[in-house]
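A.B. asks: The following block contains the structure, expressed as structure tokens.
The values are calculated or read from the model by the stated rules, or taken from the named source; none is laboratory data. All figures in this text were calculated on a predicted structure; none of them were measured in a lab. Heads up, the Cβs are rebuilt from the backbone with ideal geometry, glycines too, and the neighbour counts pull from every protein chain shown. Accessible surface is based on the protein model in full, side chains and every heavy atom, while ligands, DNA and RNA are left aside. Shrake-Rupley method; radii C 1.70, N 1.55, O 1.52, S 1.80 Å.
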Amino acid sequence: MIWQIVKKIGLTLVRNPQQLLLLLGLPIILIAILGAALGNVMNGEEVTIDAKVAIIEHGDETEQVDRFINDFENSGAPSERVEAVRAATGELAPIKLLKESVFGSEGLKELVQLESVKPSEREKILNDDSYTAVIEIPENFTYKTLQNFFGMENAGTSLNVSRNEGKQLGSTIILEVLQQFQEQLTLTSFVGEKGISMEAIQVDTEAISGEITTIDQTQPVTAKNYYAIGMAVMNVLFLASTIGSYAFLEKRLHVFDRIILANVSRWVYFSGVLIAGTVFGFLHLLIVFGVSWILFGVAWPSILAFLIVTFGLAIAVGGLSVLLTAISYRINSELVTNFFQSIVITIIAFLGGSFFPIGDTSKTIQFIGNLTPNGAGMTAYLSVLRGDPISSIWEHVFFLCIFAVTIVVIAALNFPKRGQTA
């Protein structure tokens, strides 16, 4: 009788081609789209950046340098100090450094197109969408900066940066460059104020010797590999909600009542739903990963480890199927199944890293993600794909089994008894 229930659920899935296409076709489409869109970022490849930056100077830097030197000479400083400052100001002029040493460096000059713009053209440039960022140099910026360098006065000053939000990546990089430039100016000011030689804080890279040793040789995970796993472990959860919906439809059509009236134990139906969720979850993962292997070259170093993880995740899907069925029967509503399908899956997919490796940003998020069935399955799949030993996946497979047993027990406690099915 259990086999008949499994067969009936399978036939219901096959006879609904639209639902079947969503369950099997959607993850393949998402793998192709996300893998292509985020391939450069995920694979660590070079990202092409073409930033156009305008710099507007409200004042002449040469005039400010001369004024500072003149004021320093009149401050009564020793002649040796005056000569040292005169020699240093030519190299410490901040705008000159920004143009030549920062944006004119080998790393940035091919990525950033820097243009000097007159203050009268400010409004025109700000309204020009082709510019990634506009840097405005306020009046007396260089004069006040040199005062800070040489400890004459603590004169606060700053650059004004207008970012083009439409060029998010380029504008973010420009802002990071300017923040590093500011940190370097602050360090130089501190060194000058304390009378410390710049050579004293420089790191002699030639004096550092050593060799690079590879500690853990694992296969790299490409974007297509990552999203093949991410979309598979996420979309297989929709199978649980689909089976739960079909089971509740049978309750509305009094199919379950007829089974009970035929003197068939309710546990037979319960077991049938559990086994159906497990079997079809296992087949769903095999089909998705099989197509991914054919289309995207997602190959598994260890087939045995892959099958173990797949079976563990399939058991969890079977448990979720019978849990959603039991709760829907208990409250006589499909509300829980719909909530799980529309809200819960999205949340746990995000936490589990199906959309992006969010766990890399925080150990706490990674821990929480691994407490979800899709997150545990994904971590185990990634370990297998990297060629890690099979011992590295047992922790996650064990969690999937414990998760499945726990929710099956909860489902059994909520499954309606005879006389509670109407």
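A.B. asks: Pairs under 9 Å by beta carbon, first residue over 23 Å from residue 145 (Cβ atoms) in the stretch 159-183, partner part of a helix (DSSP H, G or I) and of a type outside the set (Lys, Arg), six or more apart or different chains?
C.D. replies: 164/170; 164/171; 165/171
A.B. asks: How many residues are surrounded by 17 or more Cβ atoms within 10 Å (Cβ to Cβ) and not in a loop (DSSP other than H, G, I, E, B) if we restrict to the stretch 126-145?
C.D. replies: Result for the stretch 126-145: 10.
A.B. asks: Another question about this same structure. Return the total of residues in the stretch 88-109 being in a loop (DSSP other than H, G, I, E, B) and over 17 Å from residue 175 (Cα atoms).
C.D. replies: At the first step, the residues of the stretch 88-109 found to be in a loop (DSSP other than H, G, I, E, B) are 93, 103-109.
Among the residues that remain, those that are also over 17 Å from residue 175 (Cα atoms) are: 93, 106.
Qualifying residue count, the stretch 88-109: 2.
A.B. asks: Let me ask something additional. Looking at the stretch 361-376, is at least one residue in contact (Cβ under 8 Å) with a residue 40 or more places away in the chain and over 22 Å from residue 27 (Cβ atoms)?
C.D. replies: No.
A.B. asks: Output the qualifying pairs, or none if there are none: Cβ atoms under 7 angstrom, residues six or more apart or on different chains, first residue in the stretch 66-87 and of a type in the set (D, E, K, R), second residue open to solvent by less than 80 Å² (accessible area, probe 1.4 Å) and in a helix (DSSP H, G or I).
C.D. replies: So the pair list comes out as 67/143; 73/82; 86/69.
A.B. asks: Does residue 299 satisfy the criteria of being open to solvent by 10 Å² or more (accessible area, probe 1.4 Å) and within 18 Å of residue 223 (Cα to Cα)?
C.D. replies: Taking the combined requirement at face value, the residue satisfies it.
A.B. asks: In the stretch 357-381, how many are small (Gly, Ala, Ser), more than 14 Å from the chain's Cα centre (by Cα) and farther than 17 Å from residue 398 by Cα?
C.D. replies: 0
A.B. asks: Just for helices (runs of 4 or more DSSP H) wholly inside the stretch 338-408: which have at least 1 residues that are open to solvent by less than 50 Å² (accessible area, probe 1.4 Å), out of contact with any Gly (no Cβ under 7 Å at 6 or more places or on another chain) and at pLDDT 85 or above? I'd like the intermediate steps shown before the answer.
C.D. replies: Details: elements: 345-352, 363-369, 373-385.
Qualifying helices (runs of 4 or more DSSP H): 345-352, 373-385.
A.B. asks: Do we find that residue 109 is at pLDDT 80 or above and open to solvent by 60 Å² or more (accessible area, probe 1.4 Å) in this structure? If you could, list the steps in order and put the result at the bottom.
C.D. replies: Details: at pLDDT 80 or above: no; open to solvent by 60 Å² or more (accessible area, probe 1.4 Å): yes.
It is false that residue 109 is at pLDDT 80 or above and open to solvent by 60 Å² or more (accessible area, probe 1.4 Å).
A.B. asks: Turning to a different aspect of this structure: Inspect the stretch 260-281 for any residue being assigned to a helix (DSSP H, G or I), at pLDDT below 70 and on the phi < 0 side of the Ramachandran plot and give the result as yes or no. Step through it out loud before you land on a result.
C.D. replies: Here is the first cut: in the stretch 260-281, the ones assigned to a helix (DSSP H, G or I) are 260-261, 266-281.
Add one more test, that the residue is at pLDDT below 70, and what stays is 260-261.
Cutting the leftovers down to on the phi < 0 side of the Ramachandran plot gives us 260-261.
Scanning the stretch 260-281 turns up at least one residue that is assigned to a helix (DSSP H, G or I), at pLDDT below 70 and on the phi < 0 side of the Ramachandran plot.
A.B. asks: Give the residues of the stretch 212-235 that are at pLDDT 50 or above and either open to solvent by 100 Å² or more (accessible area, probe 1.4 Å) or over 30 Å from residue 411 (Cα atoms) (or both), sorted by residue number. Step through it out loud before you land on a result.
C.D. replies: Looking only at the stretch 212-235, we keep the residues that are at pLDDT 50 or above, and these are 218-235.
218, 219, 220, 221, 222, 223, 224, 225, 226, 227, 228, listed by residue number.
A.B. asks: Please give the helices (runs of 4 or more DSSP H) falling wholly within the stretch 1-63 in which 1 or more residues are modelled with pLDDT of 75 or more and over 34 Å from the mean Cα position of the chain (by Cα).
C.D. replies: On the way: elements: 2-14, 17-37, 39-42.
Result: 2-14.
A.B. asks: Right, something else. Residue 238 is checked against (1) over 19 Å from residue 7 (Cβ atoms); (2) modelled with pLDDT under 85; (3) among the aromatic types (Phe, Trp, Tyr) and fails just one. What number does that condition carry?
C.D. replies: Failed condition: (2).
A.B. asks: Just checking, does the stretch 202-211 include any residue being under 30 Å from residue 388 (Cβ atoms) and either at pLDDT below 60 or over 38 Å from the mean Cα position of the chain (by Cα) (or both)?
C.D. replies: Here is the first cut: in the stretch 202-211, the ones under 30 Å from residue 388 (Cβ atoms) are 210-211.
Those still in the list that are either at pLDDT below 60 or over 38 Å from the mean Cα position of the chain (by Cα) (or both) too: 210-211.
Yes, the stretch 202-211 contains a residue that is under 30 Å from residue 388 (Cβ atoms) and either at pLDDT below 60 or over 38 Å from the mean Cα position of the chain (by Cα) (or both).
A.B. asks: Across the stretch 1-16, what is the number of residues that are more than 8 Å from residue 272 (Cβ to Cβ) and among the polar types (S, T, N, Q)?
C.D. replies: Final tally of qualifying residues: 2.
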